[in-house]
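The values are calculated or read from the model by the stated rules, or taken from the named source; none is laboratory data. No experiment lies behind these values; they were computed from the predicted model shown. As a convention, Cβ positions derive from the backbone with ideal geometry for all residues, glycine included, and neighbour counts pool all protein chains shown. Please note that ligands, DNA and RNA were not included when accessible areas were found on the heavy atoms of the full protein model with its side chains. Shrake-Rupley method; radii C 1.70, N 1.55, O 1.52, S 1.80 Å.
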Amino acid sequence: MKKMKRGSYLLAEKTNSTRLQAFLAHCGVASRRASEKLILDGRVSVNGTTVTELGVKVSKTDIVLVDGKQVRPEIEKRYILMNKPAGYVCSQSDEQGRPVAVDLLKSAFSERLYNVGRLDMFSTGAIIFTNDGDFAAKISHPSAEIEKEYIVESSLPLPRSLAERFRKGVRVDGVFYKAKDAQELNSHKMKVVLLEGKNREIRKVFDDAGVAIRSLERVRIGTLQLGALKVGEFRELSDFEVSSLLNICKSKGEKSW
């Protein structure tokens with residue numbers, strides 16, 4: 001399969017066209033950001049030509065393949081909240097053969113879904129899946145500042161200063177971590193609220209304090225409460241719940257993509 005060179009393909013001049021990464025997001029392949037990586041990795045072709053640069057546009061008549069399989073825009077949008085079990089990774093597939101959380105949805109949904117944000121393999125709790133790339137981009141953008149609330153249980157008693165230190169900010173290995181809120185619930189349990197949520201942030205802060213985590217559960221994403229949803233269960237979001245999340249983004253000044 002040929003690779004596309006700059007200027008050799010004139011899809012961008014077509015009318016009613018859309019950027020390739022946005023098209024992939026509308027097809028339920030991945031979020032726009034993740035779709036950009038698929039393009040840069042050479043896993044996407046348009047009309048038989050491999051695309052390796054961003055900026056290309058496509059129209060409805062173009063044939064777009066990802067890893068050799070044709071993709072088309074999803075007609076029905078899905079928004080799903082899952083209580084992710086421990087032991088599952090948040091990705092479309094895993095090179096190490098570990099179970100992926102999205103596979104738990106395959107018996108109920110035919111659409112190609114992907115997770116918005118992540119939970120590490122050993123954490124449980126609330127995570128959203130969708131095939132709506134615009135929705136995923138808006139609620140995952142840092143400027144949206146959507147709160148994520150966690151309940152953390154430790155194996156040994158918590159240091160009495162840990163919650164206060166986390167609220168003020170902690171630097172670990174050159175990276176600054178700061179919770180929007182952290183409250184000790186009892187000697188072995190803490191509530192933590194994050195906005196941005198850097199990679200494994202809570203685990204790194206607790207590890208730096210010498211605290212072993214027994215369990216880490218995300219119980220809330222913005223206005224979405226995990227509620228009575230049991231581990232491994234999932235449900236579709238209502239229109240009101242979807243709108244509530246998007247309204248948070250608008251209130252924080254997030255612009256339309």
Given (1) within 30 Å of Leu224 (Cα to Cα); (2) out of contact with any Phe, Trp or Tyr (no Cβ under 8 Å at 6 or more places or on another chain); (3) not β-branched (Val, Ile, Thr); (4) not in a loop (DSSP other than H, G, I, E, B), Phe109 misses just (4)
Within the bounds of region 2-16, is there any residue that is buried (at least 16 other Cβ atoms within 10 Å of the Cβ), among the charged types (D, E, K, R) and either in a loop (DSSP other than H, G, I, E, B) or modelled with pLDDT under 90 (or both)?
-> no
Here the residues within region 210-240 that are more than 14 Å from Ile127 (Cα to Cα) and either open to solvent by 30 Å² or more (accessible area, probe 1.4 Å) or among the basic types (Lys, Arg) (or both) are Gly210, Ala212, Ile213, Arg214, Ser215, Ala228, Ser238, Asp239, Phe240
When region 192-224 is checked residue by residue, the ones that are under 24 Å from Leu237 (Cα atoms) and touching a residue at least 60 places away in the same chain (Cβ under 8 Å) are Gly197, Leu216, Glu217, Arg218, Val219, Arg220, Ile221, Gly222, Leu224
When restricted to Ala86, Ala126, the only residue modelled with pLDDT of 95 or more and assigned to a loop (DSSP other than H, G, I, E, B) is Ala86
Picked from region 227-243 (must be in contact with a Leu (Cβ under 7 Å, 6 or more places away or on another chain) and of a type in the set (D, E, K, R)), the residue farthest from Pro85 (Cα to Cα) is Glu241
Determine whether Ala108 is under 26 Å from Ser244 (Cα atoms), open to solvent by less than 20 Å² (accessible area, probe 1.4 Å) and small (Gly, Ala, Ser).
no
Residues in region 33-67 that are farther than 28 Å from Pro142 by Cα, in a loop (DSSP other than H, G, I, E, B) and in contact with a Ser or Thr (Cβ under 8 Å, 6 or more places away or on another chain) total 1
Can you confirm whether Ala228 is at pLDDT 95 or above and of a type in the set (Gly, Ala, Ser)?
no
If we ask which residues in region 68-114 are β-branched (Val, Ile, Thr), more than 25 Å from Gly42 (Cα to Cα) and over 18 Å from the mean Cα position of the chain (by Cα), their number turns out to be 1
Kindly evaluate Lys178 against the criterion of being without any contact (Cβ under 8 Å) to a residue 40 or more places away in the chain and either touching a Cys at 6+ places or on another chain (Cβ under 7 Å) or more than 14 Å from Ile213 (Cα to Cα) (or both). yes
Screening Gln96, Gln70 for residues that are open to solvent by 10 Å² or more (accessible area, probe 1.4 Å) and modelled with pLDDT under 90 leaves only Gln96
Conditions (1) assigned to a loop (DSSP other than H, G, I, E, B); (2) free of Cβ contacts under 8 Å to residues at least 40 places away in the same chain -> Gly232 fails only (2)
Taking region 44-88 and the residues there that are out of contact with any Asp or Glu (no Cβ under 9 Å at 6 or more places or on another chain) and of a type in the set (Asp, Glu), the one that is nearest to Ala126 (Cα to Cα) would be Asp67
Residue check, Asp41 open to solvent by 60 Å² or more (accessible area, probe 1.4 Å) and either more than 28 Å from Met121 (Cβ to Cβ) or not small (Gly, Ala, Ser) (or both): yes
Among the residues of region 137-191, the number that are open to solvent by 40 Å² or more (accessible area, probe 1.4 Å), within 19 Å of the chain's Cα centre (by Cα) and of a type in the set (A, V, I, L, M) is 0
